[in-house]
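> For reference, the structure I am asking about is given below.
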Amino acid sequence: MSEAASARSRLTADRAAGIAPLEPMLRAWLPAQRWFAGKGRAISRLTTVSAADLLPPGSTPGLLHVLLDVDGDCYQLLLGIRPSLPPALAPTLIGHAEEGPYAGRVVYEALGDPRLAAMLLERLRSPGALGPLRFDRDPATPIPAGLTPRPLSGEQTNSSLIYGDSFILKVFRRVGPGVNPDLELPRALAAAGCARVPAPVAWYEAEPPGGEPLTLGVLQPYLRGSDDGWQLALRRLGAGEDFTAEAHALGRATAEVHSALAAALPTVALGPEQTARLAAGMTARLAATAREVAALRPYEAGLRGAFDALAASRGTGVAAQRIHGDLHLGQTLRTLDGSWSLIDFEGEPARPLADRRRPEPAVRDIAGILRSFDYAARSHRPFAPAWADDCRAAFCEGYARTTGRDPREDPVLLRAYETDKAVYEARYESRHRPDWLHVPMAAIRRLSEPARPAHRVPPTPPAPGALSPHPLPHPKPPRRPLA
Ligand SMILES: Nc1ncnc2c1ncn2[C@@H]1O[C@H](COP(=O)(O)OP(=O)(O)O)[C@@H](O)[C@H]1O
Ligand SMILES: O=P(O)(O)O[C@H]1O[C@H](CO)[C@@H](O[C@H]2O[C@H](CO)[C@@H](O)[C@H](O)[C@H]2O)[C@H](O)[C@H]1O
């Protein structure tokens, strides 16, 4: 680190102490933020973990990087500091400091200030350490100076900024020790030559002395003009148009990503005991969700059937690998050339990072997309069940075309994962969007009924040069009725 950078860096106990007078205003501001996981509960403990100036002392505005411990969860904040706030920045206000080193100044959300957002990109362009933070980048990808930032609008788990329609920076909000899969997996895929995922070009982390780094932000190419798969599906539905060609192509793209992940990162064969443990985990999640979401309780016993069937079905085990972990149509982008890309490999935001980094059956992602077609069809008036069924079939056929293996050939596994996903969604909707709870509840009702026999899926011949997502010997399960 240069002397100047060293002088600027201020991750020290006294800097963190300087933040202490701001803690009451942060305590009041946090619960209103979409990305704050502790909504609905009073904050009982809030302490500053670290604080660092990202700009030289005395800069106006100032840019402060802060990690906060809020009831055991660590959050990343970027605070702007100014003597007063121009009217255009009024919506970014957090509060007025009355004591401490920032007394008399306004504290605000820095990502909403184009000047400070531009400074953050500058930092990412210059790799190196700054206090507790470490900035890194892929030397092969140029990042031009002076790109104009704009915040991404809309409901999100994290906060994203688009720079000059060329790059998008995701600033993770709830962070934990260990590399975030949203950095780890796209880097592994890029190294393996898989072009289905935008490759990280720069990133920054916190490096606690002697501890594992925490991933704080990732910059990647912005796929300009691309269509979000969820919005695209809704538009097609609204116009009464078919979506099966896209669903088929998305099945192929998902299979390609799974195959590349299986080839690049460790895979494991889950034996019968581990599969039973997997089913037990799903059962426990169901029980916990039923305690929280009253509407789920009448269906709990019926839903458990899917997990019991999974635990009982495995003489031979299940192949597991690194996967996306929270795949749904909103995590897919159809680019201008008509091909599909997958984004947001963070996994389910509420799960501990170590769990999200564990290999799992690829069918978990498949179930996520299949649920998404149901979501889309149920957002439409009138409900369009045939549209969803056709898309679900086309997606599975596309997947099979690439891998030679149709996910519907393993109905017990698929049903268990669909059920687990619907349970997750019931909790997600009851916490974040209660008006949407009826969508997963419709699936919950269906999945709580005993599995019905359905048509046998004809085996799909793989396309020439097909990839396998399962490099492990993947035993054929006994034939069972479809979920
Ligand atoms: N590389 C990209 N190119 C274009 N748009 C993107 C890209 N990455 C993300 N987006 C857009 O940003 C939105 C939020 O990104 P996402 O990774 O899902 O963030 P979060 O973790 O906050 O949910 C996506 O729904 C998509 O519309
Ligand atoms: O995008 P995130 O990683 O924040 O994912 C969370 O939010 C999603 C909603 O934005 C939620 O997805 C659910 O709603 C979608 C429609 O809005 C639907 O397409 C998905 O199938 C459904 O699961 C996701 O579950 C949650 O983790």
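The values are calculated or read from the model by the stated rules, or taken from the named source; none is laboratory data. Not measured: the values here are computed from a predicted model. Positions of Cβ are backbone-derived with ideal geometry, glycine not excepted, and every protein chain shown enters the neighbour counts. Just so you know, the surface numbers come from the protein's heavy atoms only, side chains and all, with ligands and any DNA or RNA stripped out. Shrake-Rupley method; radii C 1.70, N 1.55, O 1.52, S 1.80 Å.
> Against the definition (within 15 Å of Leu342 (Cβ to Cβ), within 11 Å of ligand 1 (Cβ to nearest atom), over 14 Å from the mean Cα position of the chain (by Cα) and open to solvent by less than 30 Å² (accessible area, probe 1.4 Å)), how does Pro186 come out, yes or no?
On the way: within 15 Å of Leu342 (Cβ to Cβ): yes; within 11 Å of ligand 1 (Cβ to nearest atom): yes; over 14 Å from the mean Cα position of the chain (by Cα): no; open to solvent by less than 30 Å² (accessible area, probe 1.4 Å): yes.
The answer is no for Pro186.
> Could I ask something else about it? Quick one: Pro83 ticks every box in (1) modelled with pLDDT of 95 or more; (2) farther than 22 Å from Pro208 by Cβ; (3) under 32 Å from the mean Cα position of the chain (by Cα) bar one, so which box is it?
Condition (3) is where Pro83 drops out.
> Scan the strands (runs of 3 or more DSSP E) fully inside region 237-350 and keep the ones with 3 or more residues being in contact with a Phe, Trp or Tyr (Cβ under 9 Å, 6 or more places away or on another chain). Walk me through it before giving the result.
On the way: elements: 268-270, 318-320, 332-334, 340-342.
Hits in region 237-350: 332-334.
> Then there is this: Being aliphatic (A, V, I, L, M), within 16 Å of ligand 2 (Cβ to nearest atom), open to solvent by 20 Å² or more (accessible area, probe 1.4 Å) and over 14 Å from Val257 (Cβ atoms) is the filter here, so list the residues in region 329-363 that pass it.
Applying the first criterion (aliphatic (A, V, I, L, M)) to region 329-363 yields 329, 333, 336, 342-343, 350, 353-354, 362-363.
Still in the list and also within 16 Å of ligand 2 (Cβ to nearest atom): 329, 333, 342-343, 350, 353, 363.
With open to solvent by 20 Å² or more (accessible area, probe 1.4 Å) added as a condition, the list becomes 333, 343, 350, 353.
Within region 329-363, Ala350, Leu353 qualify.
> On the basis of being assigned to a helix (DSSP H, G or I), within 16 Å of ligand 2 (Cβ to nearest atom) and buried (at least 19 other Cβ atoms within 10 Å of the Cβ), does Asp420 make the cut? Let's see the steps before the verdict.
Values: assigned to a helix (DSSP H, G or I): yes; within 16 Å of ligand 2 (Cβ to nearest atom): yes; buried (at least 19 other Cβ atoms within 10 Å of the Cβ): yes.
Considered against the rule, which asks whether it is assigned to a helix (DSSP H, G or I), within 16 Å of ligand 2 (Cβ to nearest atom) and buried (at least 19 other Cβ atoms within 10 Å of the Cβ), Asp420 comes out as yes.
> Oh, and also: For region 73-103, which positions are loosely packed, with under 13 Cβ neighbours inside 10 Å and within 24 Å of Ser160 (Cα to Cα)?
Pro86, Pro87, Ala88, Ala90, Pro91
> Still on this structure, please answer the following. Sort through Ala202, Ala233, Ala239 and tell me the only one that's touching a strand residue (DSSP E or B) at 6+ places or on another chain (Cβ under 8 Å) and small (Gly, Ala, Ser). So that I can check it myself, show each step before the final result.
Values: Ala233 fails: touching a strand residue (DSSP E or B) at 6+ places or on another chain (Cβ under 8 Å); Ala239 fails: touching a strand residue (DSSP E or B) at 6+ places or on another chain (Cβ under 8 Å).
From the options Ala202, Ala233, Ala239, the qualifying one is Ala202.
> For region 164-176, does any single residue satisfy the condition of being more than 13 Å from ligand 1 (Cβ to nearest atom) and under 30 Å from Pro266 (Cα atoms)?
yes
> Would you mind telling me which numbered condition in (1) away from ligand 2 (no atom under 16 Å from the Cβ); (2) among the small types (Gly, Ala, Ser); (3) open to solvent by 20 Å² or more (accessible area, probe 1.4 Å) Gly154 fails?
Every condition holds for Gly154 apart from (1).
> I would also like to ask the following. State whether the residues of region 378-391 include one that is within 16 Å of ligand 1 (Cβ to nearest atom) and open to solvent by less than 20 Å² (accessible area, probe 1.4 Å).
No, every residue in region 378-391 fails to be within 16 Å of ligand 1 (Cβ to nearest atom) and open to solvent by less than 20 Å² (accessible area, probe 1.4 Å).
> Looking at (1) within 16 Å of ligand 2 (Cβ to nearest atom); (2) open to solvent by 30 Å² or more (accessible area, probe 1.4 Å); (3) assigned to a loop (DSSP other than H, G, I, E, B), which is the one condition that is false for Leu234?
(3)
Matching residues to (1) within 16 Å of ligand 2 (Cβ to nearest atom); (2) farther than 20 Å from Asp355 by Cβ; (3) open to solvent by less than 50 Å² (accessible area, probe 1.4 Å):
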| position | (1), (2), (3) |
| --- | --- |
| Asp182 | yes, no, yes |
| Gly193 | no, yes, no |
| Val197 | yes, yes, yes |
| Ala202 | no, yes, yes |
| Gly211 | no, no, yes |
